[in-house]
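The values are calculated or read from the model by the stated rules, or taken from the named source; none is laboratory data. Please read these numbers as outputs of a predicted model, since none were measured by experiment. All Cβ positions, glycine included, derive from the backbone under ideal geometry; neighbour counts span all protein chains shown.
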Amino acid sequence: MLSDIFKTIKKEYSGLAIFSFLLVLFCWSVVFLDNFSVFNFPYGMSCIMAPQGSLTGAITGVIALVYMKKKRLKGKWFAIIAIIMGIIGSFFVCL
């Protein structure tokens, strides 16, 4: 009986929220590495890949928030940070 209570209390993290955060973080790291010449990416790779990946991360963050509300999962901050960074990255990366 006690183990059933702990099973219902324990919440899991949303994999989609973590994925969206890591996707946006990867896109920002490509821009950082490209702009500061640590690696020599082909010309314009960060301007092609980063806005699309950031926007995809923001969209999956919104989907993760809706899904987390239904399933009562943890990881809301992963999704919120992915949405914020995704919107910023998709608009201001190539300026």
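Of all the residues in the range 61-82, those that are surrounded by 22 or more Cβ atoms within 10 Å (Cβ to Cβ) and either of a type outside the set (A, V, I, L, M, F, W, C) or without any contact (Cβ under 8 Å) to a residue 40 or more places away in the chain (or both) number 1.
The number of residues in the range 64-75 being assigned to a helix (DSSP H, G or I) and closer than 11 Å to Lys11 by Cβ comes to 2.
Checking each residue in the range 1-26 for being at pLDDT 60 or above and of a type in the set (Ser, Thr, Tyr) picks out Tyr13, Ser14, Ser20. Using the structure shown, decide if Leu55 is at pLDDT below 90, under 11 Å from Ser14 (Cβ atoms) and buried (at least 16 other Cβ atoms within 10 Å of the Cβ). The answer is no for Leu55.
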